Every structure is written in structure tokens, then in C-alpha cells.
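What follows is a short report on a single structure.
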Ligand code: ADP
Ligand code: MG
């Protein structure tokens with residue numbers, strides 16, 4: 001590594017926030033003392049005064065200064081919760097859960113009582129709840145039931161710098177209701193200094209700055225670009241572990257799979273290190289990590305050992321882990337990208353922005369001087385990284401948001417008060433897609449189908465599939481399918497410390513063994529919860545729950561009603577195309593749930609389809625000639641996708 005620059009930080013007196021406490025049996029009193037050591041504490045009264053004085057405030061403060069955990073408590077202590085709940089939105093599910101858990105601990109109350117959280121398909125709140133952490137998407141949905149958010153006295157849109165799609169839409173909605181609800185307080189909080197933009201948007205709202213506590217961070221770059229950043233990350237972890245003074249390590253990876261890979265390799269490699277080298281505790285953290293394991297990242301590292309946290313972007317600003325001294329930044333993250341022309345959305349591993357790189361580096365300098373190892377060159381940093389990440393609204397499918405806005409009675413989308421408007425092409429595409437799903441009529445108004453679809457917290461294609469199941473009398477099965485698709489790719493479990501295939505071989509390939517071992521009970525339970533909720537919503541939209549298990553075609557037709565855009569046909573070379581190929585023999589047609597890009601584009605979760613159904617179910621989208629196996633060379637209307 002070349003040591004090339006030092007990020008200057010404000011030097012702070014080293015007060016008593018480093019005491020080691022066993023997280024398990026901290027008393028509320030001790031936590032109360034700890035609260036007072038956070039940078040934000042000194043500004044408590046000033047902040048409350050500002051909230052009293054102004055309706056909208058933009059709050060900026062270094063990650064870990066206490067914005068998320070403390071501000072809602074201050075507001076509660078100052079009496080705001082007597083008038084209504086305090087909402088605090090988070091872009092990430094895990095952050096909402098984790099922070100709510102922490103705050104309930106600090107307040108000495110049971111999670112879900114006075115302090116709770118609400119994320120899609122999981123409501124951990126009660127009548128008593130006064131402080132509610134929630135994903136930004138959930139607050140957006142709450143507008144559907146309560147357009148003036150009457151139950152809230154304060155809305156804190158946290159992590160505003162993340163600029164998720166839901167946060168951006170929330171901006172427009174809360175700005176609007178603040179005008180006719182003068183009693184509602186709005187706090188927009190962010191970790192970056194780009195607060196002017198937020199302030200401008202909210203009619204020059206005052207900016208409240210919480211000075212950060214940041215020690216200098218030494219930034220190291222690689223001399224040459226790394227061919228394999230996973231490999232480089234592992235080598236760097238081991239190097240730090242063996243050569244550097246005590247202090248925990250935080251590694252930024254792009255997702256669960258990478259984290260599991262690194263976890264596995266590290267476990268293997270450290271096994272042979274001998275007794276002279278201290279123990280290395282590996283703590284993964286990502287969205288689908290079971291709740292019990294999420295808490296592990298916050299446990300204090302025992303004397304004489306070192307913790308290495310393998311995290312997704314969640315540790316960039318949403319979660320602060322104390323004790324991190326070394327950051328390893330491979331320079332990548334997974335981001336959603338959308339091509340409005342083809343309507344294709346995929347998750348891609350992309351270089352991060354300079355702003356992200358600096359946030360990541362900063363994680364190492366919270367409790368003392370830190371070091372950040374960037375697994376790219378300083379040239380890369382200077383010349384290849386964008387300054388900021390493009391807001392999600394400009395790179396995503398907007399169908400869901402358009403459906404939500406339409407059900408809120410917002411018809412004039414072009415003139416909606418966006419902080420950064422989405423490309424008009426993407427808006428048009430969303431309208432087109434919703435029209436094709438019969439959620440909108442030709443005047444762009446919500447249809448009955450559209451209104452019913454909007455009740456479900458699902459993507460429009462999934463909700464259409466459910467609504468269509470009424471017609472095919474198979475709602476029971478279709479709800480199960482929707483729930484299983486909603487839990488993602490986590491039905492099967494592969495224990496990392498076991499070579500699954502070999503264990504299976506040892507049992508002489510026993511089927512029973514598979515049943516006993518391969519299914520994630522947790523995921524199945526989650527699917528069951530989701531299904532229960534969908535069933536509750538069925539009653540609301542007055543769709544009778546009925547089963548038609550013997551008629552597979554009916555079920556597939558319901559699926560096709562939602563997913564007819566996602567149809568593909570087998571080709572001679574074994575790959576699938578969304579368009580027909582005249583030469584193909586034995587054509588097979590499928591509907592897929594989603595596309596995943598790895599080395600190639602793969603379809604995930606497919607079911608077979610009879611081509612004539614496309615014409616039967618979506619005659620406005622497909623014509624007979626499109627699905628004619630003899631084939632013509634014309635593409636289906638609106639479809640111009642290349643080979644998958
Ligand atoms: P900010 O929102 O300004 O980034 P937070 O309020 O999230 O800051 O964090 C304040 C402090 O609370 C940090 O020291 C952080 O480590 C601690 N903290 C937050 N969540 C948890 C948790 N679940 N367990 C233990 N400590 C936590
Ligand atoms: Mg925060």
C-alpha cells in the first residue's frame with residue numbers, strides 16, 4: 001500500500017466513551033450515561049429549541065454522532081409524543097430493526113411497546129408505541145391509509161443523503177402536508193455536508209449542524225488495480241490482523257454471497273495460524289441475516305482478540321459499530337440500474353462514488369485515529385469515481401411509485417415536486433406498464449384493478465398476479481407463490497461450516513436428510529407471515545380465497561396476467577430470448593420472476609407457459625404473430641430486448 005493522504009479530522013478530547021461494557025447486562029443507568037457521551041448530547045437543548053421554533057429543520061451530523069438513536073428520544077422527553085407518534089424513517093430494514101432495538105434498551109422498555117419498528121411484512125409496534133422506526137417505504141404506504149399522517153407529531157426522514165426512491169417521494173409528500181399541518185414537525189437528517197440542497201428544497205429550512213467527532217484517517221491505496229477484490233480483501237484482512245496493533249476491522253462487500261464467501265475462506269485460513277496470532281472473530285451483517293445474529297456485530301471484542309465485520313453498504317452510514325480502527329474498501333457496491341427503453345431492471349456491482357469512499361474511510365476514525373485501505377489506486381479514486389451516487393429515482397423502475405402516487409390522488413406526475421425529477425422516459429414507461437397491467441385506463445386514471453393492486457405492498461406484477469387469481473379461482477395457491485417469491489433467495493440453507501454435498505453423500509444420499517437439513521425454517525415462517533398478511537388484504541379488496549390446486553394451468557394463467565412482460569422462449573443454443581426465433585425446434589416458453597446478472601443474465605424462478613396465453617391474457621401487448629411458433633421476424637410490441 002502507498003500511504004498517500006490523510007483525511008483531516010477534528011481532534012477531540014478523549015472522554016470516557018471507550019469504557020468497555022458487556023452489552024448483555026448493561027443496566028439502563030449505564031446506557032443513560034453512555035447517551036451523554038455522544039456528540040449530539042451537547043446540542044440537545046439547542047436542537048429542541050430549534051424544533052420548537054421551526055417547522056422544518058435539516059440536521060447534518062457525522063455518522064455515529066447520535067442522530068438516529070437520540071433525536072427521537074429527545075423529542076419524546078420534550079413531550080412531543082404526547083401529541084402523536086414520532087416517526088423516524090430508515091432506507092434499510094436492518095437499520096430500522098437494529099436501531100429500534102437499541103433505543104428500546106436505552107429507554108428500558110420492551111421492543112414493540114413504547115419503541116417499535118415497522119418494516120414491510122413485519123409490524124413490531126403496538127397501541128403504546130410512541131417512537132416508531134420504519135423503512136421509508138413503510139411510511140410511504142402509511143400515506144395510503146392516512147394521507148395527513150394525523151397520528152404523527154414529528155416525522156424524521158433520516159439518512160436523507162441516501163436518496164432512495166421512497167425517501168425522495170416522501171420528501172414531496174411531507175413537504176406538502178407540512179403546509180396544511182402547521183403542528184407537524186419535519187426533520188430531515190443526513191450524514192453528508194450537502195445539506196444546502198435539502199434546505200433549498202424545503203423552502204430554505206434552517207440547517208442544524210452537529211460537529212463530528214472524527215480522528216484523522218490515513219488512507220492507503222493499492223499500487224496497481226486489483227484483479228480480484230475478494231481475494232485482495234482477504235489478504236488485507238490477514239495482513240492487518242497479523243501486523244497491526246489492536247483494533248477492529250470493517251470490510252465493505254457488495255452482498256450476502258460475497259460476505260459468505262469471505263467468511264468461509266477466512267475461517268479456513270485462520271485455522272492454521274497457530275496460537276501466537278490472536279483470535280479473529282468474524283461478524284457478517286447484511287439484510288437477510290437472522291435478527292439474533294445481527295446483534296453480534298455490536299458485541300464488544302474480548303481482550304486479546306480482534307473483530308472483523310463483513311458488511312454491506314449498511315455499515316457505511318446506517319449502522320455505526322464502535323471500535324473500528326481499520327476499514328477495507330474494495331470500492332464496489334450493488335446498485336439497481338434500470339433501462340427505461342427495455343424496461344429491464346438489474347442489480348449490478350458498480351464502483352462506488354467518492355462521497356461513499358469518504359464515508360467508508362471515516363468509519364475507521366470514530367474512536368481514535370484510523371486507517372483505510374482502498375483496494376484501488378489513487379488514480380482510480382481521482383479519475384474514475386463519480387462525486388456522488390445517482391439518486392435511485394433516476395435509475396429505477398417507477399411503476400410501483402406511480403401506482404402509489406396515483407392511489408394518493410396525485411395525477412400530475414410531471415409536475416410533482418421532485419427534488420431531482422426522474423427521466424421522463426422512465427415515467428412514461430411506468431405509465432405504460434401500469435396500463436398494460438390494466439391498473440390504469442387510457443386516460444391514466446386508476447382502474448378498479450389498479451386500486452386493488454395498490455393495496456398490496458408488492459411490485460405491480462406480483463399484485464396483478466394476485467388480483468388476477470380471482471378470475472382463475474386459484475387465489476389460495478397464488479398467494480402462496482407470491483409469499484415465497486417475496487422472501488427472496490433464502491429458502492434453502494447451506495451451513496457454511498459443512499460441506500453440504502459431502503454430508504449428504506455420507507447419508508447415502510438420503511432424501512429424508514435433505515428434508516431435515518436444507519429448508520430454512522425461518523424463511524418458511526416468514527413466507528407464512530407474509531401469506532397471512534396477503535390473506536388479510538384479500539378481504540379488503542374483496543377477493544374470495546379459493547383453491548384450485550388441481551388446475552395448474554389456471555395458476556399459471558394468473559401468473560401470466562402479472563408477468564406477461566417477462567416471457568421468454570427457448571432457443572436452439574439453449575439460451576432463452578424474449579423474442580421468437582423462427583428456426584427453433586421444440587420451443588419452450590417460460591415466464592420468469594426476475595433477471596439476475598452474474599457472468600450472464602439468468603432468469604430466476606420460472607414456470608412454463610403456453611404461448612397462446614400471452615395473446616389471450618395480454619392481447620394489448622402480444623399479437624398472434626408474436627407467439628406463432630412458425631414465427632415472423634417482428635418483435636412483440638414494445639419489446640426489443642436482446643438475448644438473455
Ligand atoms: P447516527 O445516527 O448519528 O449515525 P446513531 O444514533 O446510529 O448515530 O449511533 C449512536 C451510537 O449508538 C453509536 O455509538 C452506535 O454504535 C450506538 N448504537 C446504535 N445502534 C446500536 C445497537 N443496536 N447496539 C449497540 N450500539 C448501538
Ligand atoms: Mg443514523
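The values are calculated or read from the model by the stated rules, or taken from the named source; none is laboratory data. Note that the structure is predicted; figures quoted are calculated from it, not measured. Cβ: placed from backbone, ideal geometry, glycine included. Neighbour counts: every protein chain shown.
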Of the candidates 70, 55, the one satisfying the condition of being over 28 Å from residue 329 (Cβ atoms) and at pLDDT 95 or above is 55
How many residues of segment 536-558 are loosely packed, with under 15 Cβ neighbours inside 10 Å and within 26 Å of the chain's Cα centre (by Cα)? The answer is 1
Scanning segment 66-80 residue by residue, those part of a loop (DSSP other than H, G, I, E, B) and either in contact with a helix residue (DSSP H, G or I) (Cβ under 7 Å, 6 or more places away or on another chain) or within 11 Å of ligand 2 (Cβ to nearest atom) (or both) turn out to be 66, 78
The condition of being assigned to a helix (DSSP H, G or I) and either touching a strand residue (DSSP E or B) at 6+ places or on another chain (Cβ under 9 Å) or surrounded by fewer than 19 Cβ atoms within 10 Å (Cβ to Cβ) (or both) holds, among 144, 149, 173, only for 144
The strands (runs of 3 or more DSSP E) lying wholly within segment 90-135 that contain at least 3 residues that are buried (at least 23 other Cβ atoms within 10 Å of the Cβ) are 115-119, 131-135
Of the candidates 276, 267, the one satisfying the condition of being under 28 Å from residue 318 (Cα atoms) and either part of a helix (DSSP H, G or I) or over 21 Å from the mean Cα position of the chain (by Cα) (or both) is 267
I'd like to know if segment 217-235 contains one or more residues that are more than 16 Å from ligand 1 (Cβ to nearest atom), within 20 Å of residue 319 (Cβ to Cβ) and surrounded by fewer than 19 Cβ atoms within 10 Å (Cβ to Cβ). no
Notebook entry, point to check: Quick check, is residue 89 in contact with a strand residue (DSSP E or B) (Cβ under 8 Å, 6 or more places away or on another chain) and within 12 Å of ligand 2 (Cβ to nearest atom)?
Noted result: yes
Problem set entry | residue 354 being surrounded by fewer than 19 Cβ atoms within 10 Å (Cβ to Cβ), in contact (Cβ under 8 Å) with a residue 60 or more places away in the chain and under 22 Å from the mean Cα position of the chain (by Cα) | no
Considering segment 35-65, residues that are free of Cβ contacts under 8 Å to residues at least 40 places away in the same chain and either within 16 Å of ligand 2 (Cβ to nearest atom) or crowded, with 22+ Cβ neighbours inside 10 Å (or both), and then whichever is farthest from residue 177 (Cα to Cα), we arrive at 38
Of 299, 345, the only residue that is touching a residue at least 24 places away in the same chain (Cβ under 8 Å), over 24 Å from residue 60 (Cα atoms) and away from ligand 1 (no atom under 13 Å from the Cβ) is 345
Over segment 70-79, the set of residues over 21 Å from residue 207 (Cβ atoms) and either in contact (Cβ under 8 Å) with a residue 24 or more places away in the chain or buried (at least 24 other Cβ atoms within 10 Å of the Cβ) (or both) is 73, 76
Being more than 30 Å from residue 565 (Cβ to Cβ) and either within 16 Å of ligand 2 (Cβ to nearest atom) or out of contact with any strand residue (DSSP E or B) (no Cβ under 7 Å at 6 or more places or on another chain) (or both) narrows 323, 304 down to just 304
Screening 83, 92 for residues that are over 22 Å from residue 41 (Cβ atoms) and in contact with a helix residue (DSSP H, G or I) (Cβ under 6 Å, 6 or more places away or on another chain) leaves only 92
Checking 231, 200 in turn, the sole residue that is under 30 Å from residue 310 (Cα atoms), free of Cβ contacts under 8 Å to residues at least 24 places away in the same chain and not in a strand (DSSP E or B) turns out to be 231
